Amino acid sequence: QVQLVESGGGLVQPGGSLRLSCAAPASIFTVYNMAWYRQAPGNQRELVARLTPWGSTNYADSVKGRFTISRDNAKKTMYLQMSSLKPEDTAVYYCQADRGTTNYWGQGTQVTVSS
């Protein structure tokens, strides 16, 4: 059973920053596409940012210029650095890994942006 373990969520004021982490097994980390999704109450889960094994990235328009996805191969950990956070960024954030028709999900971590 593949486990993706997220951490780093919490409560932050508008304009603040948070960094999410996702630890993955070595068998997954270097060959799977890795991504962050989020789901707010009443909304569908949406892609936030994606990172391929060769380092290509793409972002949702709503987070471009504010969020940065990255990876540390030595630590087998993916990150999402979130800056200039807005109340509409409030959601459960999920780590995802996919390759072809195979995909794995983490348990999610809550991010709340509120004053």
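What aspartates and glutamates sit close enough to Lys75 to cross-link, taking a C-alpha to C-alpha distance under 17 Å and skipping anything fewer than 8 places away on the same chain?
Leaving aside aspartates and glutamates fewer than 8 places away in the same chain, those within reach of Lys75 are Glu6.
In Å², and per residue, what accessible area does the chain have when probed at 1.4 Å with the other protein chains present? Before the final figure, lay out the partial values.
Working: 5970 Å² over 115 residues.
It amounts to 52 Å² per residue over the chain.
Rounded to the nearest 20 Debye, what is the dipole magnitude of the stretch 1-102 about its Cα centre when Lys and Arg each give +1 and Asp and Glu each give -1 at the C-beta?
180
Round to a whole number: what % of the accessible area of the stretch 48-115 belongs to carbon and sulfur, probe 1.4 Å?
Working: 1570 of 3420 Å².
After summing per-atom areas, the C and S share lands at 46 percent.
Can you tell me the convex hull volume per residue for the chain, based on C-alpha atoms, in Å³ to the nearest whole number? Mind dumping the intermediate values first?
On the way: hull volume 11.4 nm³, N = 115.
With only Cα atoms used, the chain gives 99 Å³ per residue.
Could you let me know the centre-to-centre spacing of the stretch 51-115 and the stretch 17-39, using Cα atoms, in angstrom?
First find each Cα centre; the distance between them is then 7 Å.
Apply the Kirkwood formula to the stretch 1-59: the hydrodynamic radius equals the inverse of the mean of 1/r over all pairs of different alpha-carbon atoms; give it in Å with one decimal.
Numbers: mean 1/r = 0.0748 Å⁻¹.
Taking the inverse mean of 1/r over all distinct Cα pairs, the stretch 1-59 comes out at 13.4 Å.
The values are calculated or read from the model by the stated rules, or taken from the named source; none is laboratory data. Given the structure is predicted, the values throughout are model-derived calculations rather than measurements. Methodologically, a virtual Cβ is constructed for each residue, glycine included, from the backbone with ideal geometry; neighbour enumeration extends over all protein chains shown. Heavy atoms of the whole protein, side chains included, go into the accessibility calculation; ligands, DNA and RNA do not. Shrake-Rupley method; radii C 1.70, N 1.55, O 1.52, S 1.80 Å.
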